[in-house]
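The values are calculated or read from the model by the stated rules, or taken from the named source; none is laboratory data. Only a predicted model underlies this, so the values are computations on that prediction, with no experimental measurement involved. Please note: Cβ atoms are built from the backbone with ideal geometry, for glycine as well, and neighbour counts cover all protein chains shown.
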Amino acid sequence: MDLKYLYTFKSIVDEGNFTKAARKLNYTQSTITFQVGQLEEELSAQLFEKVGRKMVLTKAGQQLVPYVEEVLSSVSKLRQFESDITECQGELIIGVAETQLCYKLPNILKSFHDLAPKARLFIKSMNCYEIRDGLINGTLDLGIFYEEVGGIGSRLTTYDFGEYPLALVASPEIKRNYWDFISKDQRIPIPFIINEKECIFRQIFERYLSENSIILDHTIELWSIPTIKNMVKSNVGISFLPKFTVQEELNNGELVELEIKISDGSISAICAHHENKWISPLMQAFIELCISNN
């Protein structure tokens with residue numbers, strides 16, 4: 001069936017008669033009549049009948065209207081899809097762990113904007129458990145978070161986004177006064193400065209403290225890695241962070257690394273989406289940038 005016959009039928013319905021439809025489509029009256037005849041022949045049904053001086057829809061024509069509208073709507077969506085592929089348009093909702101968002105994602109976002117300037121990104125800073133759950137329940141398109149969150153199973157498709165060592169850091173003054181974080185069964189009178197309880201590297205370090213019966217004074221809970229670093233640099237306490245977040249401060253001497261004996265001293269980042277998620281061209285482009293920048 002030729003699509004132009006359906007467009008002609010829809011135009012006649014919208015315009016109210018053959019003459020106006022011919023004018024709208026820039027066809028002659030005879031062309032309109034011919035195309036309707038061809039459509040009727042293919043469907044083996046009369047679509048219009050003459051009532052007085054007007055051509056009106058038959059019962060069969062009335063029944064055909066919603067089917068034609070559905071077909072033409074699908075054609076329109078397909079053409080939009082083709083445009084989206086060509087121009088890499090659309091939107092993505094991405095959940096990102098804060099450390100990755102602050103220190104690893106800016107270059108990727110810059111490259112992505114250069115590649116797809118018409119795309120719309122909605123970036124959410126979230127903890128890893130929220131990202132995992134958002135991918136599973138479909139509220140996120142993509143997530144960049146730490147694999148140690150667990151519970152991924154076969155529901156998510158994952159791509160390696162790097163393995164990163166963790167570091168216990170302090171100011172040089174703190175290190176001079178409280179340098180031993182290896183000896184067991186001790187109390188160290190300084191606070192642990194870290195973000196919320198569901199933070200993966202917080203959980204790793206608190207497990208280390210528990211296993212070695214090391215008790216710190218208290219925990220200062222903050223939601224900003226830069227703020228945490230500033231507090232540590234100001235001799236307020238210690239923190240346990242991915243090393244890449246404090247590398248600059250370690251290099252210039254504002255922070256120093258404290259020795260600990262920990263088996264799980266690194267974390268693995270992943271880029272992930274639901275296993276049943278349709279991979280749009282836009283999404284594929286973002287994934288490939290993540291892989292190439294790993």
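Could you list, in sequence order, all residues of region 10-19 that are surrounded by 14 or more Cβ atoms within 10 Å (Cβ to Cβ) and out of contact with any strand residue (DSSP E or B) (no Cβ under 9 Å at 6 or more places or on another chain)? Within region 10-19, LYS10, SER11, GLU15 meet the criteria. When PRO242, PRO191 are checked against the criterion of being over 30 Å from GLY90 (Cα atoms), touching a residue at least 60 places away in the same chain (Cβ under 8 Å) and not assigned by TED's automatic domain parsing to the domain that holds ILE108, PRO242 stands alone in meeting it. Screening ILE228 with (1) touching a residue at least 40 places away in the same chain (Cβ under 8 Å); (2) in contact with a Leu (Cβ under 7 Å, 6 or more places away or on another chain); (3) not polar (S, T, N, Q) gives one miss only, at (1).
Restricting LEU140, LEU109 to those that are without any contact (Cβ under 8 Å) to a residue 24 or more places away in the chain, surrounded by 13 or more Cβ atoms within 10 Å (Cβ to Cβ) and closer than 27 Å to GLU91 by Cα reduces the list to LEU109. Among the residues here, LEU121 does not qualify as of a type outside the set (S, T, N, Q), in contact with an Asp or Glu (Cβ under 9 Å, 6 or more places away or on another chain) and more than 20 Å from ASN294 (Cβ to Cβ).
Which of the following residues is charged (D, E, K, R) and farther than 20 Å from ALA170 by Cα: GLU259, GLU211?
The conditions single out GLU211.
None of GLN38, GLN29 is at pLDDT below 90 and in the same structural domain as GLU69 (by TED's automatic domain parsing) except GLN29. Residue count for region 279-294, restricted to those that are more than 13 Å from the chain's Cα centre (by Cα) and within 24 Å of GLY150 (Cβ to Cβ): 2.
Restricting attention to region 250-278, the residues being surrounded by 13 or more Cβ atoms within 10 Å (Cβ to Cβ) and within 13 Å of the chain's Cα centre (by Cα) number 6. Of all residues in region 217-230, those satisfying the criterion of being modelled with pLDDT of 95 or more and crowded, with 18+ Cβ neighbours inside 10 Å are ILE228, LYS229. For region 128-165, a residue qualifies if it is touching a strand residue (DSSP E or B) at 6+ places or on another chain (Cβ under 9 Å), of a type in the set (D, E, K, R) and outside any loop (DSSP other than H, G, I, E, B), and the qualifying residues are GLU130, ARG132, GLU147, GLU148, ASP160, GLU163. Within region 166-203, being surrounded by 19 or more Cβ atoms within 10 Å (Cβ to Cβ) and not in a strand (DSSP E or B) holds for SER171, ILE174, PHE181, ASN195, CYS199, ILE200, PHE201, ARG202.
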